[in-house]
Amino acid sequence: MAANEIDLFTNEEKRNLELGGHVGFDSLPDQLVSKSVAQGFCFNILCVGETGIGKSTLINTLFNTVFETEEASHYENEVQLRPQTFELQESNVNLKLTIVHTVGFGDQINKEESYKPITEYIDAQFEKYLEEELKIKRSLFNYHDTRIHICLYFIAPTGHSLKSLDLVTMKKLDSKIMSELVSNGVQIYNFPTEDEAVAEINASMNTYLPFAVIGSTEDVKVGNKLVKARLYPWGSVQVENENHCDFVKLREMLLRVNMEDLREQTHARHYELYRRCKLEEMGFKDTDPNSKSFSLQETYETKRKEFLLELQRKEEEMRQMFVNKVKETEAELKEKEKELHDRFEQLKRMHQEEKKNLEEKRRELEEEMNAFNRRKVAAETLMGQGLQGGSQPFKKDKDKKN
């Protein structure tokens, strides 16, 4: 079939037909629900905030349980992301919940680079999913999806303006705190209003952002009933009292109404954008400049040829670099050899001069010794003659006495 015929068939108007009786595909939603419940769900929360601000307490309050977490100190050299995964069950629904804590966030003196480990972690989870997706033998059905579905950014209720650390980090995460951050060009997730079933409640909740919340797992007696609250010298703050804080609104929007939308936004919007950029870097594209469909095989071959050419170019560069290095080394060795030869000749000349000086000194010493020996012989000769001359008269006198 020619390409133009395919285009005509694709652009043909779809016709609506009436069924003559019950067929059964209206059970697809029930099948999908049953399959989803059997498979279970995953949800990943990234908690960003300074140490001790109450991240763990709020998460415990949201899910009405106590997650075992390692207590963080204020003396971390850098920001570390610590993911923990828990298996939760409510009714017959299983949820694999991953909570990622930013240990040491805001504890360093230099806070300019505090956001980098967070953005790198988010990209790393996208990269892991893309690697699994591109495998020949992939298992996305059983794959543990660790892509971040929501980032909860905790800001201390100091009553002052936002810290520079908060502004910088939320800019990098594409997050925002409404009025104060509009001028800084930062955005946050807004609850969707396209679905008529949740449009009204989501539209009203968008006006409450950011939420002012408080968390507590302790039951406090207020009046005649026990409620989760925090006690202060001036009174108590009830967690689920909407006149006290926005915790109920946060839980309603995050878990009960928009959890699936957050999962869908992560996959269909953020991950797709990351995937598109990565595949474009790898040389893949949907269409060429003439809007013609592309061939995966041709793209692969083209990319392979480019890779081989780049590899040959790098090999040639390495070979040339090696040759230049060898030449430089030979030149250095020759220079060193010349220096050693010159030094040897210099030492040789010095040795010859010293030897010549020693020979002259030896000759002088020998001449002095010969002269001394001659003088000694002459002196001995004179002494011998003197002794002989003195002994003859003594002998004559002795003869006279006899």
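The values are calculated or read from the model by the stated rules, or taken from the named source; none is laboratory data. Note that the coordinates shown come from a computational prediction; the quantities given were computed from them, not determined experimentally. Cβ coordinates were reconstructed from backbone atoms using ideal geometry, including for glycine residues, and neighbour counts include every protein chain displayed. Only protein heavy atoms, including side chains, enter the accessible area calculation; ligands, DNA and RNA are left aside. Shrake-Rupley method; radii C 1.70, N 1.55, O 1.52, S 1.80 Å.
Every residue, every condition in (1) modelled with pLDDT of 80 or more; (2) not in a loop (DSSP other than H, G, I, E, B), yes or no:
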{"site": "188", "(1), (2)": "no, no"}
{"site": "193", "(1), (2)": "no, no"}
{"site": "199", "(1), (2)": "no, yes"}
{"site": "209", "(1), (2)": "no, no"}
{"site": "212", "(1), (2)": "no, no"}
{"site": "230", "(1), (2)": "no, yes"}
{"site": "243", "(1), (2)": "yes, no"}
{"site": "271", "(1), (2)": "yes, yes"}
### Query
Failed condition for residue 155, given (1) touching a helix residue (DSSP H, G or I) at 6+ places or on another chain (Cβ under 9 Å); (2) at pLDDT 70 or above; (3) under 30 Å from residue 87 (Cβ atoms); (4) in a loop (DSSP other than H, G, I, E, B), with all others met?
(3)
### Query
Restricting attention to the range 277-291, does a residue exist that is in contact with an Asp or Glu (Cβ under 9 Å, 6 or more places away or on another chain), modelled with pLDDT of 75 or more, assigned to a helix (DSSP H, G or I) and basic (Lys, Arg)?
yes
### Summary
Selection over the range 224-251 where residues are open to solvent by 60 Å² or more (accessible area, probe 1.4 Å), out of contact with any strand residue (DSSP E or B) (no Cβ under 7 Å at 6 or more places or on another chain) and farther than 21 Å from residue 155 by Cβ yields a count of 5
### Task
Would you please name the residue that is nearest to residue 93 (Cα to Cα), looking only at residues in the range 35-73 that are in a loop (DSSP other than H, G, I, E, B) and of a type in the set (A, V, I, L, M, F, W, C)?
63
